[in-house]
Amino acid sequence: MYNPHDPRSVEKYSSAVTLSDMEVFIFPELMLSLVLANIMSPRLWEWRDNPWFKKMHKITPYRRILRLKQYIMDNFAFNLDLDTWGLTTKEKELERFSDFIDETVLKQSNALFGYEGDKYYFDMDIRRHFGLDKYDSDVIPYWKTETLEAMEAFRHKEGYLTGAGECVSLSSLYASALFVVAGIPLGDIYMMATPLHSQNFVDVGAGIITNNRRIITKNMWFNGAELSAKARRALENERVTIVAHNTGYVHTIYDEAAMDPGVYRKFRDKLKAFLTTDISFEILGNFLRQKRELQKCFQIVHSCCGKPRYIEAEKVYHYEHNSKFKVSDNTRTLLIHEIDEDEFYTSPLPDRIILDEIESFFKETRIAIDDTCDLEKLKKHLHRCSWNIEEVIGELLKFCKTVPILPEENKKWIPSEPIQVDGYSSREEIIDYLDSFRNKNETADLAFMAYRDMSKAPWKPFLKAALERNPVCVEGSHTMDISEVFENLRRIENVSVYDGTRVAQPDEVWNYGRGDGLEKALCMMNIIRNRHPHENLRLKGDGRTVLVSRKGGAEYAFESSKGLELPREEDFSF
């Protein structure tokens, strides 16, 4: 639990405030802590009163999830702008976490410190892909995971029409909203982090994966569409570094695991089943949709006025783009009827397999991907393919079976009491339960730090985060003198993005152009402290007015409605 005299404890709890990708990687329990913070949020519970979610209890879990997905699609954008939360350096972060992790291990597991996954990521060039190539190779972004309030507040930021968030923010939002709004038990939700992505596996039916704003069902995973191919990339090319659950977590680089081992095995088996399918004609057709270069091995025949007509498979797949019909299912005839007659030939095209003959083969034969005899039968029917048949079958098997690189099971499993919020019917009951559970489970305690309620969380970690990891307001004000900074902060709307005694960080005030006087005062302190790191600053006030006091007598006053007891002088020593 939190120890204000232990620098490691202060560092971990301060990480629960800023929640950068790096911090979540080092402290994996923070993933669930943020989910719990969102579950405590009154903003999330207000969603339940939205007409869009009316009568949710009367529809199936899958339809509830679909409705939630559409709400998230409509109200949140995916944001990976490097300027949102600013930049740091590898050297600074390595020094900060040197007591927690070995640099060589970090480089094997974290994308910004050397790990680039499979060949796909080497070809892509990670730094160029994320826009980091314009900076020195030592510069990396503070990709901070946003709370629900911070995600919704993006609508106040220039250039944004809706809320927004990066992938960890969206996966955390999905996990919390699935529980609060869609009524999915928290125990059925598994969070998965890879070096470059974060998503959830939801144990509903055959399974669902949340992927940024979208969801992917098992059928969608194997449909060969471009969006599905993008959704598959992380699990196809990266290792899963963290699996988080209400029973704990498993981390690929840590020898100890806090999750129930039986729960982890259940998750592993469910995920592997989701990622595997046998080969049917529809699956083969979906595979060809993704592997466009192989479409040239095939042709399609249909009857027109009682006579056969032939057409290249790639032409028919091209027509799919503007049609609701597909080559790979029983709507193929309807799709063909949308194609002009002059696209067809009266005679079979040379050196091309007739796809309809393959369909007839599948009607009589079931192909299991792990049965060598079945695969040999399929090879015989594809032997006229102009490509190397062994390579084609190899690619088809990869399409039909994604093998996730999960954390190993040879861990030291440390039993911990799971966080059981399933069964509670109100936000207040959940908050009371988590509050009573804080001394038993550090993840629950960290949730109050991520929740930012400074009547229940310690000031010292919050201030450490505020004054060390909020570079955007510092950079944004670098052309202003201090009096201009003060006037700028005084002019912006005097309302917090957080309710009650919850407090925003300085860069949230700066980015969203709004903040309570206490939050403005902390933003002011951060800017002054970065310009004059050795100057002794004081924060004082009477609950309604907060003053930033400088050496020499200068004071900057802001009006606050938070009603919080201000931090003590020792809270600023870190």
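Residues to consider are Leu539, Leu566; find the one that is part of a loop (DSSP other than H, G, I, E, B), closer than 22 Å to Tyr13 by Cα and among the aliphatic types (A, V, I, L, M).
Values: Leu539 fails: part of a loop (DSSP other than H, G, I, E, B).
Residue meeting the stated conditions: Leu566.
With a cut-off of at least 3 residues that are within 25 Å of the chain's Cα centre (by Cα), name the helices (runs of 4 or more DSSP H) lying wholly within region 433-488.
442-451, 459-468
Can you tell me which condition Asp133 does not meet? The list is (1) at pLDDT 85 or above; (2) in contact with a Lys or Arg (Cβ under 6 Å, 6 or more places away or on another chain), and all the others hold.
(1)
Restricting attention to region 393-410, does a residue exist that is in a helix (DSSP H, G or I), in contact with a helix residue (DSSP H, G or I) (Cβ under 7 Å, 6 or more places away or on another chain) and of a type in the set (A, V, I, L, M)?
For region 393-410, residues in a helix (DSSP H, G or I), in contact with a helix residue (DSSP H, G or I) (Cβ under 7 Å, 6 or more places away or on another chain) and of a type in the set (A, V, I, L, M): present.
Show the residue pairs that are 6+ apart or on different chains and have beta-carbon atoms under 9 Å apart, the first residue being within region 346-363 and over 15 Å from Leu288 (Cβ atoms), the second being surrounded by fewer than 11 Cβ atoms within 10 Å (Cβ to Cβ).
Here the result reads Thr346/Lys307, each pair linking region 346-363 to a residue that is surrounded by fewer than 11 Cβ atoms within 10 Å (Cβ to Cβ).
Here are some conditions: (1) closer than 24 Å to Lys464 by Cα; (2) at pLDDT 95 or above. Met22 meets all but one. Which one does it not meet?
(2)
Considering only residues of region 312-332 that are over 35 Å from the mean Cα position of the chain (by Cα) and hydrophobic (A, V, I, L, M, F, W, C), which is nearest to Val392 (Cα to Cα)?
If we take residues in region 312-332 being over 35 Å from the mean Cα position of the chain (by Cα) and hydrophobic (A, V, I, L, M, F, W, C), then Ala313 is nearest to Val392 (Cα to Cα).
Quick one: would you say Asn526 is touching a residue at least 40 places away in the same chain (Cβ under 8 Å), in contact with a Cys (Cβ under 7 Å, 6 or more places away or on another chain) and within 25 Å of Thr84 (Cβ to Cβ)?
Values: touching a residue at least 40 places away in the same chain (Cβ under 8 Å): yes; in contact with a Cys (Cβ under 7 Å, 6 or more places away or on another chain): yes; within 25 Å of Thr84 (Cβ to Cβ): yes.
Yes: the conditions hold for Asn526.
Of the residues that make up region 137-155, is at least one farther than 21 Å from Arg502 by Cβ and assigned to a helix (DSSP H, G or I)?
no
Can you confirm whether region 363-379 contains a residue that is of a type outside the set (D, E, K, R), over 20 Å from Thr276 (Cα atoms) and surrounded by 14 or more Cβ atoms within 10 Å (Cβ to Cβ)?
Checked against the condition, which is being of a type outside the set (D, E, K, R), over 20 Å from Thr276 (Cα atoms) and surrounded by 14 or more Cβ atoms within 10 Å (Cβ to Cβ), region 363-379 yields no hits at all.
So, Ile59, is that one within 15 Å of Leu446 (Cβ to Cβ) and among the aliphatic types (A, V, I, L, M) or not?
Considered against the rule, which asks whether it is within 15 Å of Leu446 (Cβ to Cβ) and among the aliphatic types (A, V, I, L, M), Ile59 comes out as no.
From the list Ile311, Ile339, which residue is at pLDDT 95 or above, crowded, with 17+ Cβ neighbours inside 10 Å, in the same structural domain as Glu391 (by TED's automatic domain parsing) and not in a helix (DSSP H, G or I)?
Details: Ile339 fails: at pLDDT 95 or above.
Among Ile311, Ile339, only Ile311 is at pLDDT 95 or above, crowded, with 17+ Cβ neighbours inside 10 Å, in the same structural domain as Glu391 (by TED's automatic domain parsing) and not in a helix (DSSP H, G or I).
Every residue in region 294-311 that is within 25 Å of Gly394 (Cβ to Cβ) and either of a type in the set (Lys, Arg) or out of contact with any Phe, Trp or Tyr (no Cβ under 8 Å at 6 or more places or on another chain) (or both), please.
Lys296, Phe298
Considering only helices (runs of 4 or more DSSP H) fully contained in region 193-295, which possess at least 3 residues that are of a type in the set (A, V, I, L, M, F, W, C), at pLDDT below 95 and assigned by TED's automatic domain parsing to the domain that holds Leu173?
Here the list reads 226-237.
Does Asp435 satisfy being within 27 Å of Arg43 (Cα to Cα) and without any contact (Cβ under 8 Å) to a residue 24 or more places away in the chain?
It is true that Asp435 is within 27 Å of Arg43 (Cα to Cα) and without any contact (Cβ under 8 Å) to a residue 24 or more places away in the chain.
Being over 18 Å from Tyr142 (Cα atoms), buried (at least 19 other Cβ atoms within 10 Å of the Cβ) and either touching a Leu at 6+ places or on another chain (Cβ under 9 Å) or not aromatic (Phe, Trp, Tyr) (or both) narrows it down to one residue among Ser483, Ser477, Ser455; which is it? Quick ask: steps written out before the conclusion?
Values: Ser483 fails: buried (at least 19 other Cβ atoms within 10 Å of the Cβ); Ser455 fails: buried (at least 19 other Cβ atoms within 10 Å of the Cβ).
Result: Ser477 is the single residue among Ser483, Ser477, Ser455 that is over 18 Å from Tyr142 (Cα atoms), buried (at least 19 other Cβ atoms within 10 Å of the Cβ) and either touching a Leu at 6+ places or on another chain (Cβ under 9 Å) or not aromatic (Phe, Trp, Tyr) (or both).
The values are calculated or read from the model by the stated rules, or taken from the named source; none is laboratory data. The structure displayed is predicted, hence computed values, not measured ones. Heads up, the Cβs are rebuilt from the backbone with ideal geometry, glycines too, and the neighbour counts pull from every protein chain shown.
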